[in-house]
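Remarks on the structure that follows.
The values are calculated or read from the model by the stated rules, or taken from the named source; none is laboratory data. This is a predicted model, so every value here is computed, not measured. Quick reminder, even Gly has a Cβ in these numbers, built from the backbone with ideal geometry, and neighbours come from all protein chains shown.
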């Protein structure tokens, strides 16, 4: 199990954070207790339907897996089919757009396979979607995603392209060259495919089967350095589209999430997972009242043995964590429900994309304080946002 967890941990994170994958693996792999599951007693309060757990493998595609899972839950809520949409199709579309952006910016932006929830929505709006069975992205014999070589090869190509070696100009076919590399690793995107005996394109499948409107989704951030209730840019490396999202007060993070869940909507959630109090193995994340560096060895060894007191989170504390890199844009997941522990405290039920080798078969229980402290952004259906919040946004 330990070897499996080590291999898994190496594959979890995007390249956009301040931590390398190895650094994060070292931080996360020992965050566990052998008696955690016996120490927590969770009772489900609300839980929206979701498709089965998947494994993103050795790729930084958590943003695509989690947001496609979010869209799959939207389809179920609307009475549509419970199918897996192709996260690697969304990623492939984003990588091509990201490559164009990288060249236009002369390489003065980050490159990697990370992204944000809005990337999936934007790619869906531009290029439609595909059932996962028709585009897995596994084109050279691997059972799971393995993107390291592909992303390194494309970056080397892009860095050569932006030097404009042809008398200071770009050739007209560099985009085709990059697209061919993506095809070599991920496989060509099918122009048409069959679903339930009918032929579709990605665009017609999105329109006629998935039937979701990209305009229905809204993404939120919370930061003190820009005005609330206005759009601001989320300043993280993986926001390669430079998208601006609605900035709301910290307390409204859980207000919106609770309202959405209680009305049957799920949330595409971006967060920092580098904390010692985040345990993938135990499926628990919270904010201890005592910082890890100030804990005794005994306190550290029992961090996940049952509910503990948590730190009081303030907007200032949250912003400070962003400012000094305590909070980085590590990972995307899907919040699907609310549960109570044995003390009556509420936790969020979170679906992950790291397979099922943890105490809750791929799910986690995340405290509301952790969400307040470590959320980078989150996305929800506008119908899952309280009316007074929408009014303050001018919508």
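Tell me, yes or no, whether region 199-221 has at least one residue that is within 20 Å of residue 313 (Cα to Cα) and either surrounded by fewer than 17 Cβ atoms within 10 Å (Cβ to Cβ) or at pLDDT 95 or above (or both). Yes, there is a match, as at least one residue in region 199-221 is within 20 Å of residue 313 (Cα to Cα) and either surrounded by fewer than 17 Cβ atoms within 10 Å (Cβ to Cβ) or at pLDDT 95 or above (or both).
Within region 31-72, being part of a helix (DSSP H, G or I), closer than 18 Å to residue 344 by Cα and in contact with a strand residue (DSSP E or B) (Cβ under 7 Å, 6 or more places away or on another chain) holds for one residue alone: 36. Being assigned to a loop (DSSP other than H, G, I, E, B) and farther than 29 Å from residue 49 by Cα holds for only one residue in 139, 97, and it is 139.
Here residue 90 clears all of (1) part of a loop (DSSP other than H, G, I, E, B); (2) free of Cβ contacts under 8 Å to residues at least 40 places away in the same chain; (3) buried (at least 18 other Cβ atoms within 10 Å of the Cβ) except the condition numbered (1).
Go through region 73-87 and report how many residues are in a helix (DSSP H, G or I) and touching a strand residue (DSSP E or B) at 6+ places or on another chain (Cβ under 9 Å).
4
Residues of region 352-377 being in contact with a helix residue (DSSP H, G or I) (Cβ under 7 Å, 6 or more places away or on another chain) and either crowded, with 22+ Cβ neighbours inside 10 Å or within 24 Å of residue 243 (Cα to Cα) (or both), which ones? Those that are in contact with a helix residue (DSSP H, G or I) (Cβ under 7 Å, 6 or more places away or on another chain) and either crowded, with 22+ Cβ neighbours inside 10 Å or within 24 Å of residue 243 (Cα to Cα) (or both): 353, 354, 371, 372, 373, 375, 377.
Against the test of being assigned to a strand (DSSP E or B), within 18 Å of the chain's Cα centre (by Cα) and crowded, with 18+ Cβ neighbours inside 10 Å, the options 238, 245 yield a single qualifying residue, 245. Residue under question is residue 120, and the condition is that it be part of a helix (DSSP H, G or I) and within 20 Å of residue 329 (Cα to Cα); does it hold? So residue 120 passes the test. Has region 166-173 got at least one residue that is within 30 Å of residue 81 (Cα to Cα), touching a helix residue (DSSP H, G or I) at 6+ places or on another chain (Cβ under 7 Å) and either at pLDDT 95 or above or in a loop (DSSP other than H, G, I, E, B) (or both)? There is no residue in region 166-173 that is within 30 Å of residue 81 (Cα to Cα), touching a helix residue (DSSP H, G or I) at 6+ places or on another chain (Cβ under 7 Å) and either at pLDDT 95 or above or in a loop (DSSP other than H, G, I, E, B) (or both).
Do the conditions hold for residue 173, that is, is it without any contact (Cβ under 8 Å) to a residue 40 or more places away in the chain, under 20 Å from residue 107 (Cβ atoms) and surrounded by fewer than 16 Cβ atoms within 10 Å (Cβ to Cβ)? For residue 173, the condition - without any contact (Cβ under 8 Å) to a residue 40 or more places away in the chain, under 20 Å from residue 107 (Cβ atoms) and surrounded by fewer than 16 Cβ atoms within 10 Å (Cβ to Cβ) - is met.
For region 335-348, the condition of being closer than 15 Å to residue 281 by Cα and either touching a strand residue (DSSP E or B) at 6+ places or on another chain (Cβ under 8 Å) or crowded, with 19+ Cβ neighbours inside 10 Å (or both) holds for none of the residues. When residue 41 is tested against (1) under 16 Å from residue 332 (Cβ atoms); (2) touching a residue at least 24 places away in the same chain (Cβ under 8 Å), only condition (1) is not met.
Of all the residues in region 190-214, those that are within 23 Å of the chain's Cα centre (by Cα) and in contact (Cβ under 8 Å) with a residue 24 or more places away in the chain number 6. Of all residues assigned to region 334-352, at least one qualifies as being on the phi < 0 side of the Ramachandran plot, within 24 Å of the chain's Cα centre (by Cα) and either part of a loop (DSSP other than H, G, I, E, B) or at pLDDT below 95 (or both). For residue 381, the criteria (1) closer than 20 Å to residue 62 by Cβ; (2) buried (at least 19 other Cβ atoms within 10 Å of the Cβ) hold in every case but one, which is (1).
Among the numbered conditions (1) part of a loop (DSSP other than H, G, I, E, B); (2) farther than 22 Å from residue 34 by Cβ; (3) modelled with pLDDT of 95 or more, the only one that residue 383 does not meet is (1). For region 226-235, a residue qualifies if it is under 14 Å from residue 389 (Cβ atoms) and buried (at least 16 other Cβ atoms within 10 Å of the Cβ), and exactly one does: 228.
Has region 310-326 got any residue that is at positive phi and surrounded by 13 or more Cβ atoms within 10 Å (Cβ to Cβ)?
No - not one qualifying residue is present in region 310-326.
For region 98-126, a residue qualifies if it is surrounded by fewer than 24 Cβ atoms within 10 Å (Cβ to Cβ) and without any contact (Cβ under 8 Å) to a residue 40 or more places away in the chain, and the qualifying residues are 104, 105, 108, 126.
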